[in-house]
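The values are calculated or read from the model by the stated rules, or taken from the named source; none is laboratory data. Please read these numbers as outputs of a predicted model, since none were measured by experiment. Quick reminder, even Gly has a Cβ in these numbers, built from the backbone with ideal geometry, and neighbours come from all protein chains shown.
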Amino acid sequence: MTLSEIKSILPKLENVVFKLEDGTSVPEHFHVTEVGMITKNYIDCGGTFRNEKTVGFQLWNADDFDHRLKPIKLLNIIKLSEEKLGIENLEIEVEYQAQTIGKYGLAFENDTFILTNKQTDCLAKDSCGIPSIKLNVIQSACTPGSGCC
């Protein structure tokens with residue numbers, strides 16, 4: 001989800017609700033403690049220079065159980081971050097503390113923001129000697145139900 005997408009969703013909501021993909025709810029008393037632009041400059045294992053930018057949100061659970069972040073408040077935090085930090089319309093990456101700090105993508109479904117799992121990957125498989133999997137499609141005159149397969 002991009003920053004412009006969340007900005008278009010928030011005004012339509014009564015509450016801001018986050019869940020993990022496994023259905024676990026982020027407690028209702030969470031805080032958004034950071035909104036910022038994250039820039040990552042690095043060299044992959046194949047020697048290629050890479051530059052990635054994302055918008056970072058950090059969710060944090062406090063002990064103030066009566067706290068509830070309203071959509072307009074989050075929208076105002078986002079707008080202030082855009083003004084002060086020059087944040088672009090980029091993909092959102094969410095940091096959330098479970099057993100350790102996790103990084104998640106963000107999706108939206110049924111009035112709920114879903115923290116989507118992210119995976120690591122080798123960006124230079126050809127340089128690292130990691131074989132790519134190729135599927136061989138065999139053309140056949142067989143059709144389902146013909147008895148030849």
Looking only at the stretch 48-92, and only at residues there that are within 18 Å of the chain's Cα centre (by Cα) and in a loop (DSSP other than H, G, I, E, B), the one that is nearest to S25 (Cα to Cα): L90
Conditions (1) in contact with an Asp or Glu (Cβ under 7 Å, 6 or more places away or on another chain); (2) of a type in the set (A, V, I, L, M, F, W, C); (3) assigned to a loop (DSSP other than H, G, I, E, B); number of the one not met by I114: (3)
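Given the criteria under 14 Å from T116 (Cα atoms) and among the small types (G, A, S), does G102 qualify? Don't jump to the end; show me each part of the working.
On the way: under 14 Å from T116 (Cα atoms): yes; among the small types (G, A, S): yes.
Yes: the conditions hold for G102.
Residues are listed down the side, and each one gets a yes or a no for (1) surrounded by 12 or more Cβ atoms within 10 Å (Cβ to Cβ); (2) out of contact with any Cys (no Cβ under 9 Å at 6 or more places or on another chain); (3) at pLDDT 95 or above; (4) not basic (K, R):
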position: E93; (1), (2), (3), (4): yes, yes, yes, yes
position: I101; (1), (2), (3), (4): no, yes, no, yes
position: F113; (1), (2), (3), (4): yes, yes, yes, yes
position: T116; (1), (2), (3), (4): yes, yes, yes, yes
position: L123; (1), (2), (3), (4): yes, no, no, yes
position: D126; (1), (2), (3), (4): no, yes, no, yes
position: G129; (1), (2), (3), (4): no, yes, no, yes
position: L135; (1), (2), (3), (4): no, yes, no, yes
position: A141; (1), (2), (3), (4): no, no, no, yes
Residue match in the stretch 16-35 (condition: among the polar types (S, T, N, Q), touching a residue at least 12 places away in the same chain (Cβ under 8 Å) and more than 30 Å from I130 (Cα to Cα)): yes
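Please verify whether K84 is surrounded by 13 or more Cβ atoms within 10 Å (Cβ to Cβ), farther than 19 Å from T116 by Cβ, of a type outside the set (A, V, I, L, M, F, W, C) and at pLDDT 95 or above, treating the condition exactly as stated.
Working: surrounded by 13 or more Cβ atoms within 10 Å (Cβ to Cβ): no; farther than 19 Å from T116 by Cβ: yes; of a type outside the set (A, V, I, L, M, F, W, C): yes; at pLDDT 95 or above: yes.
No, not satisfied.
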Test for L3: is it closer than 22 Å to S81 by Cα, modelled with pLDDT of 95 or more and surrounded by 15 or more Cβ atoms within 10 Å (Cβ to Cβ): yes
Some residue of the stretch 93-111 being farther than 16 Å from T24 by Cα and either part of a loop (DSSP other than H, G, I, E, B) or in contact (Cβ under 8 Å) with a residue 60 or more places away in the chain (or both): no
